[in-house]
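The structure appears below as structure tokens.
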Amino acid sequence: MEEVDVEPNITLIPGVDFRHKHLGFVWGPGDIVVYETNYTEKGGGPGGSGRPAIHVVRKDEDIYSPILRKLFNESHHIFVDLQRIKKDLPSKNKKPQFVSISKNYRSVIRACMEELQQIAVSTQDDSLSTQYGNQISILLAVELIWNLCEVLFIDAAPAGTLLLHLLDWVRLHKVDVDVKAREILQSDSPTKHPAYWDLVISFVLQGRMDEARQVLMKQASLQPAARPMFSLMDNLLHKMPIFNPGGTQTLTEFDVKWRHWHEECDRCLQDSSFASNSHLETICKILVGDEDTLLEQKELLSTWYHFLVTRLLYTHPTVKPTDLHHYAQSCMHMFLGTRNALEPLDSILLAAFEFDLHQVIKDCSIALNNWWFVAHLTDLLDHCKLLQSHNLHFGSNLREFLVLEYASGLFTHHSLWQLAVDYFDHCPEFGRVYLELQIERVPLDTERKALKVLRICEQRQMTEQVRSICKIMAKRALRNSRLGSALSWSIRAKDAAFATLISERFLQDYCTRGSFSDLDLIDNLGPAMLLSDRLTFLGKYREFHKLYGEKQFTEAAKLLLSLMTAKIAPRSFWMTLLTDALPLLEQKEVIFSAEQTHELMFCLEELTSEKCDPNPDQPMQDEEVESTKIELLRLALARNLANAIVKEGTVEA
Amino acid sequence: MFVAKSIAADHKDLIHDVSYDFHGRRMATCSSDQSVKVWDKTDDGEWHCTASWKTHSGSVWRVTWAHPEFGQVLASCSFDRTAAVWEEIVGESNDKQRGQSHWIKRTTLVDSRTSVTDVKFAPKHMGLMLTTCSADGVVRIYEAPDVMNLSQWSLQHEISCKLSCSCISWNPSSSRAHPPMIAVGSDDSNVTYTGKVQIYEYNENTRKYAKAETLMTVTDPVHDIAFAPNLGRSFHVLAVATKDVRIFKLIPLRKESATSSGPTKFEVQVMAQFDSHNSQVWRVSWNITSTLLASSGDDGCVRLWKANYMDNWKCTGILRGDGSPVNGSSGQTGSFGNAGGVGGPASQNSVVGAASAGRKKAQLMPG
């Protein structure tokens, strides 16, 4: 992306001397191949060192991880659903749909994460488990960012509700509190547990008042003397107003109520109500939003954005979206200090709090070496019409750019490429061309795969790709002497020249073997027969054999004759056809009429008169066979003519 | 990026060119050892050498595959002044068992009087056509009129470029709006102040190739050129390897009259220019969808260039030798040594702290 001012990564190629040699390369599908070479060598003599190696360099994409494959598969369905949401609906009606789409994406991420967690635990291999662990942490970050974007951009909750969503966001991503709670509450005496107070405070920091009160009760019951103090705290926690977006209360009313409660907490602090219990006093200080006290809880908060949300909860629960960035910045600086360099995740979240969508997408593109996240998120944001409203006039370009990148990555995978097709379909500017370029490169390993690719092209009227695939398959089948397959592929390719060539081969085979292969195909050519003259002849000739076999001699004879008179049969094949006529002429019954016999004789004469020049290449023996055959034919024809005349005369009389 | 696999190529001298077939399942390599080798990828992603034979009597500069519509066909060109066309035939059964295949020389093209520096098949929509260029400054276009008979090639066109030629590139556009077009680069260092990239276009009326444009701004020797896939656009994009990497946009100007038979004139714009290789650039090549351009230069690096959605170009990756001495014995044990887990340096930009180092390893797992 454009302001990427990070240095490009250097990938080192082992055993290649870059000071004296050049690095040659070639693009492959999904990788790039490099090799040591020397481009300045111009002569013919041996110039280089021996034993060069070639290195396959691959882009580190997650598509090869079997678990993440599920993420790609399932998010593909969500993506397709999202594209189906009608553009003309008023955006107000679409918002719940967008939020639910967003949640679906996130639940797919979470499902993936859980699966990875299970495998990471069960695996014995240390390096594998760290690898899974790393993938999990990346997915966690992705989900965290996505969730925040959902709250801020897609759901776009107003003041009041906004903080409730942010609280949910923090609770969802700080699950160790629940783990700790379970551990402490199941211990023999929870109140004696060293982390007891940490738990109470953690609950308070997350605004989980009911749970905090429950745990606090256990302590209160053990200290009868301090009971009033505990019940005072219980009362404060209980009374804390929480905005109810579905209720009748207005934001102003809530604000007034909250201020009253806040003052009450403050009073308790002023009159030292909790002075005898430092823990309770700390809690009370948190309730009034005391900065120093909050910052003392760094360990429990663990992140600056938790600190931000807690601080807002106890100081500005009605914070407006537009004011968020101000608090976010100050909280981040307070929590992390100003000297520390930001982790990418911190700057991405900060950009989100600043409502700088473009920056979020850009930073994510740099930080993650997979386009899955940015492509899907940007697509969703674009559907929400958020890119335009954020003054990104190239919004749809950005969306298409990212979706194209993601889909192109999928295309390098041997099975995931099929998902990419739908992504390309939804890129109006370049999707079609990209698909054309990519799909014709899908290896056609089997006929089944070829048919799959073909169907995709046919559905999209990609005539050139359809033709090319069929042509490749026909060529390959012919190479392997599978004539039937070659013929059916070339018919699909509507490749007349190739169909002619294969028909010739069929006829040659027939001449040498006396029988046809692939009868099923030839018998069922139908109108496809018309693709080439030779194919028509092949089909018709086979039809003749069928009629003959079924003893429909009259029909067979008529067809045979028409093959010659209508010039469907190539001249080179006439002798074979005439020889085929012999058994018909020899039948007891007269089959060829006098007129038909005349025509046959004419054909034979035409053929023999052409051949008056003796062919020097033809051996004498062949010539003898030929002339005997002609004599035989002449005899049979004359005999048949006589019979036919007699028969025709008899019937008429 | 990371090195997923290293294969000992087993050539006895420098490799000059490696070429993938259309589907990326086969690879051809050529070398100063005068041979060509063909490599096939198995289903589990391993590369096996299935053929190796002596092709020329000099260094083999380039090797290239014909489109699979024409079968399994290779062309090579050499210092021995010839280019040759090779076809694989379905071999005897015992060959198949040994995993070897047979390549037959179908023709030798001997028209050049000097070293043949580049060989390229024309885009498939033009039929089966082969183009060569040579140090004597001639581009030759051959055609196989019968695609079933690759032993017959007729010399259809000879284009005299008047400069020693180093490289050619066909415009891949199959749009009817674009007549066949070929770009020729010259590394002639005797002639200065002359444009070193010439563009020739086929004229339907004269049935000849005529010069349409000379890129006058490229006066230094040119070592490689590459047209990008057209992507349905009205203009063409051409990458040039010279003393730097340059990307040109060629916008066809509307002809003055419809009947005008002269070649198309272009408005030439420089889209990008990178001098990070510091000196000569030797190769440029686009990926399938032309979202990435790779270049190789005197700095010993391959650099990857990418444009964003606003057409701003950046270097997004560098491949470089680690400088370690060449291990001469690596190729002697077997025909392919799998160097496997050689990971690249960890990315500087991981989302969560130290996540990246282990993650790179993750990528080495077979898919």
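Just a few scattered comments:
- Taking helices (runs of 4 or more DSSP H) as the structural unit, those lying wholly within region A:505-580 and holding at least 2 residues that are under 22 Å from A:ALA477 (Cβ atoms), under 53 Å from the mean Cα position of the chain (by Cα) and modelled with pLDDT of 90 or more correspond to A:533-549.
- Within region A:103-131, the residues that satisfy the criterion of being among the hydroxyl-bearing types (Ser, Thr, Tyr) and either under 22 Å from the mean Cα position of the chain (by Cα) or not in a helix (DSSP H, G or I) (or both) are A:TYR105, A:SER107, A:THR123.
- For region B:74-90, the tally of residues that are within 12 Å of chain A (Cβ to nearest Cβ) and assigned to a strand (DSSP E or B) stands at 4.
- Taking (1) touching a Phe, Trp or Tyr at 6+ places or on another chain (Cβ under 6 Å); (2) within 10 Å of chain A (Cβ to nearest Cβ); (3) of a type in the set (Gly, Ala, Ser) in turn, B:ALA51 satisfies each apart from (2).
- Scan of region B:304-318 for residues that are in contact (Cβ under 8 Å) with a residue 24 or more places away in the chain, within 19 Å of B:PHE248 (Cβ to Cβ) and either more than 8 Å from chain A (Cβ to nearest Cβ) or among the polar types (S, T, N, Q) (or both), ordered by number: B:TRP305, B:ALA307, B:ASP311, B:TRP313
- The set of residues in region B:147-157 that are in contact with a strand residue (DSSP E or B) (Cβ under 7 Å, 6 or more places away or on another chain) and in contact (Cβ under 8 Å) with a residue 40 or more places away in the chain comprises B:LEU150, B:SER151, B:TRP153, B:LEU155, B:HIS157.
- Residue count, region A:411-423 (criterion: surrounded by fewer than 24 Cβ atoms within 10 Å (Cβ to Cβ) and modelled with pLDDT of 90 or more): 6
- First in region A:148-174 and of a type in the set (Ser, Thr, Tyr), second anywhere and assigned to a loop (DSSP other than H, G, I, E, B), Cβ under 9 Å, 6 or more apart: A:THR161/A:ASP155; A:THR161/A:PHE243; A:THR161/A:PRO245
- In region A:276-305, the residues that are closer than 24 Å to A:LEU350 by Cα and not hydrophobic (A, V, I, L, M, F, W, C): A:GLY289, A:ASP290, A:GLU291, A:ASP292, A:THR293, A:GLU296, A:GLN297, A:LYS298, A:GLU299, A:SER302, A:THR303, A:TYR305
- Matching entry among B:GLY45, B:GLY71 (being at the interface with another protein chain (Cβ under 8 Å from one of its Cβ atoms) and small (Gly, Ala, Ser)): B:GLY71
- Scope region B:165-224; condition free of Cβ contacts under 8 Å to residues at least 24 places away in the same chain and closer than 14 Å to B:GLY262 by Cα; matching residues: B:TYR202, B:ARG207
- Residues of region B:268-295 satisfying the condition of being within 9 Å of another protein chain (Cβ to nearest Cβ) and charged (D, E, K, R): B:ARG283
- Filter result for B:GLN156 (away from chain A (no Cβ under 14 Å), closer than 30 Å to B:PHE274 by Cα and outside any loop (DSSP other than H, G, I, E, B)): no
- A:PHE355 vs. criteria over 18 Å from B:THR291 (Cβ atoms), at pLDDT 85 or above, part of a loop (DSSP other than H, G, I, E, B) and not aliphatic (A, V, I, L, M): yes
- The residue of region B:1-42 that is surrounded by the most Cβ atoms within 10 Å (Cβ to Cβ), among those that are of a type in the set (Ser, Thr, Tyr), at the interface with another protein chain (Cβ under 7 Å from one of its Cβ atoms) and out of contact with any Asp or Glu (no Cβ under 8 Å at 6 or more places or on another chain), is B:SER6.
Conditions tested, residue by residue: (1) under 20 Å from B:HIS67 (Cα atoms); (2) outside the structural domain of B:THR82 (by TED's automatic domain parsing); (3) out of contact with any Ser or Thr (no Cβ under 8 Å at 6 or more places or on another chain); (4) not in a loop (DSSP other than H, G, I, E, B).
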position: B:THR114; (1), (2), (3), (4): no, no, no, no
position: B:THR117; (1), (2), (3), (4): no, no, no, yes
position: B:THR131; (1), (2), (3), (4): yes, yes, yes, yes
position: B:ASP136; (1), (2), (3), (4): no, yes, no, no
position: B:VAL139; (1), (2), (3), (4): no, yes, no, yes
position: B:TYR142; (1), (2), (3), (4): yes, yes, no, yes
position: B:PRO145; (1), (2), (3), (4): yes, yes, no, no
position: B:ASN149; (1), (2), (3), (4): yes, yes, yes, no
position: B:GLN152; (1), (2), (3), (4): yes, yes, no, no
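- Selection status of A:ARG534, among the basic types (Lys, Arg), in the same structural domain as A:SER485 (by TED's automatic domain parsing), on the phi < 0 side of the Ramachandran plot and crowded, with 20+ Cβ neighbours inside 10 Å: yes
- From A:GLN461, A:GLN465, residue being touching a residue at least 24 places away in the same chain (Cβ under 8 Å), over 18 Å from A:SER503 (Cβ atoms) and of a type in the set (S, T, N, Q): A:GLN465
- The helices (runs of 4 or more DSSP H) found entirely in region A:392-452 that carry 1 or more residues being farther than 17 Å from A:THR378 by Cα and facing chain B (nearest Cβ under 8 Å) are A:431-439.
- The set of residues in region A:125-141 that are surrounded by fewer than 23 Cβ atoms within 10 Å (Cβ to Cβ), farther than 12 Å from A:CYS112 by Cα and facing chain B (nearest Cβ under 9 Å) comprises A:SER127, A:LEU128, A:THR130, A:GLY133.
- Where a residue in region A:546-563 is among the charged types (D, E, K, R) and its partner, wherever it lies, is modelled with pLDDT of 90 or more, with Cβ under 8 Å and at least six apart: A:GLU555/A:LEU547; A:LYS558/A:GLN596
- B:GLY45 satisfies every condition listed in (1) free of Cβ contacts under 8 Å to residues at least 24 places away in the same chain; (2) surrounded by fewer than 19 Cβ atoms within 10 Å (Cβ to Cβ) except (1).
- Qualifying position, being closer than 19 Å to A:ALA159 by Cβ, touching a Phe, Trp or Tyr at 6+ places or on another chain (Cβ under 9 Å) and at pLDDT below 95, among A:THR322, A:THR250: A:THR322
- Scanning region B:221-259 for residues that are modelled with pLDDT of 95 or more, outside any strand (DSSP E or B) and touching a Lys or Arg at 6+ places or on another chain (Cβ under 8 Å) gives B:PRO221, B:VAL222, B:HIS223, B:THR242.
- Some residue of region A:456-479 being surrounded by fewer than 17 Cβ atoms within 10 Å (Cβ to Cβ) and under 30 Å from A:MET575 (Cα atoms): yes
- Hits in region A:3-42 - residues which are more than 7 Å from chain B (Cβ to nearest Cβ), modelled with pLDDT under 85 and more than 30 Å from B:HIS23 (Cβ to Cβ): A:GLU3, A:ASP5, A:GLU7, A:HIS20, A:LYS42
The values are calculated or read from the model by the stated rules, or taken from the named source; none is laboratory data. Not measured: the values here are computed from a predicted model. We place every Cβ from the backbone using ideal geometry, glycine too, and count neighbours over all the protein chains shown.
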